[in-house]
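Trainee: Can you read through this structure? Questions will come right after.
Computed from the coordinates by the stated procedures, all read-outs in this text should not be read as laboratory data. Note that this is a predicted model, so its numbers are computed, not measured. Glycine also receives a Cβ, built like all others from the backbone with ideal geometry; neighbour counts cover every protein chain displayed.
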Amino acid sequence: MKVGVLALQGDVPEHLLALAPLLPKGDLVPTRTPADLARIDALFLPGGESTTIARLLQKAGLWTPIGTRLAKGMPVLATCAGFILLARRLAPSPAGRDPPTYGLVDVTIRRNDYGAQRESFEGPVRVEGLAGGPFPGVFIRAPRVVSVGPEAKPFAWRDREVVGVRQGTIWATTFHPELSGDLRLHRMFLKMVRPRT
Ligand code: GLN
């Protein structure tokens with residue numbers, strides 16, 4: 001089973017480090033090209049700058065092939081900027097610039113809605129189905145889920161606010177599980193991944 005981490009921009013090393021203890025070495029594929037994408041069974045979309053990642057995806061010739069794999073049900077764990085790129089609707093962000101998105105995950109989300117970098121924060125997140133107590137949520141210039149449509153199912157909350165949704169084989173969080181030192185969410189996601197037949 002090969003697991004990709006989109007490796008164009010953002011917290012790519014952190015994702016690779018989080019996944020390293022969970023997978024045999026050769027199964028982890030930093031994904032930069034359509035050939036890399038063709039080898040993988042699941043993909044992690046890291047945080048970073050969604051406008052930049054969108055531009056680099058197009059430049060790398062990955063935008064359309066990833067869309068095709070998403071349509072075929074490739075499991076994806078998307079964090080923060082990665083979540084933004086999958087969202088069906090973006091509410092206009094305070095920054096005024098918004099990336100194109102795959103329009104898939106049935107939420108309305110607003111970039112940078114908690115404020116600037118200095119308003120980044122950490123706090124406990126309740127994750128459905130996760131044993132061992134609250135998950136340490138790391139939020140960095142995070143987007144806010146403004147509303148959730150019927151196709152997406154919330155599975156993570158900070159207080160009453162939705163901070164993670166699942167839609168089929170896509171899991172998307174506004175926080176960064178790869179930065180918390182807690183691998184429970186990665187493990188839970190990987191349990192769902194099967195080699196493609
Ligand atoms: N603020 C970034 C964006 O809008 C997301 C931040 C992150 O991924 N940590 O793309």
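Trainee: Tell me, in nm to one decimal, what length is gained between Gln58 and Tyr114 on full extension, where the rule is 0.36 nm per residue of separation less the Cα-Cα distance?
Mentor: Extra length from Gln58 to Tyr114 when fully extended: 17.3 nm.
Trainee: Taking each pair of distinct Cα atoms in the range 1-148 once, what is the resulting Kirkwood hydrodynamic radius in Å?
Mentor: 16.0 Å
Trainee: Please give, to one decimal in nm, the separation of the simple spin-label points placed at Glu161 and Arg97, each 7 Å out from Cα toward the Cβ.
Mentor: Rounded to a tenth, the inter-label distance reads 2.4 nm.
Trainee: Now for a separate question. Is the range 118-197 best put as rounded, prolate or oblate by its Cα gyration tensor, with a ≥ b ≥ c the root eigenvalues, rounded for a/c under 1.5, and otherwise prolate when a/b is larger than b/c, oblate when not? Before the final figure, lay out the partial values.
Mentor: Values: a/c = 1.75, a/b = 1.27, b/c = 1.38.
The shape class here is oblate.
Trainee: Could you tell me what percent of the DSSP beta bridges with both partners in the chain are antiparallel, to the nearest 5?
Mentor: So the antiparallel bridges amount to about 55 percent of the total.
Trainee: Between Val146 and Asp27, with labels modelled 7 Å along Cα→Cβ, what's the label distance in nm to one decimal, could you check?
Mentor: Those two pseudo-labels are separated by 4.0 nm.
Trainee: Continuing with the same structure: Once you keep just the Cα pairs under 8 angstrom separated by 6 or more residues, what percentage relative contact order results for the chain?
Mentor: Relative contact order here is 20 percent.
Trainee: Follow-up. Say the cut-off is 21 Å between C-alpha atoms; which of Lys59/Lys191; Lys25/Lys59; Lys153/Lys191; Lys59/Lys153; Lys2/Lys153 go over it?
Mentor: Pairs exceeding the cut-off: Lys59/Lys191; Lys25/Lys59; Lys59/Lys153; Lys2/Lys153.
Trainee: I would also like to ask the following. In nm, to one decimal, how far is the Lys153 label point from the Ala71 one, both placed 7 Å along Cα→Cβ?
Mentor: Distance between the two pseudo-spin positions: 2.5 nm.
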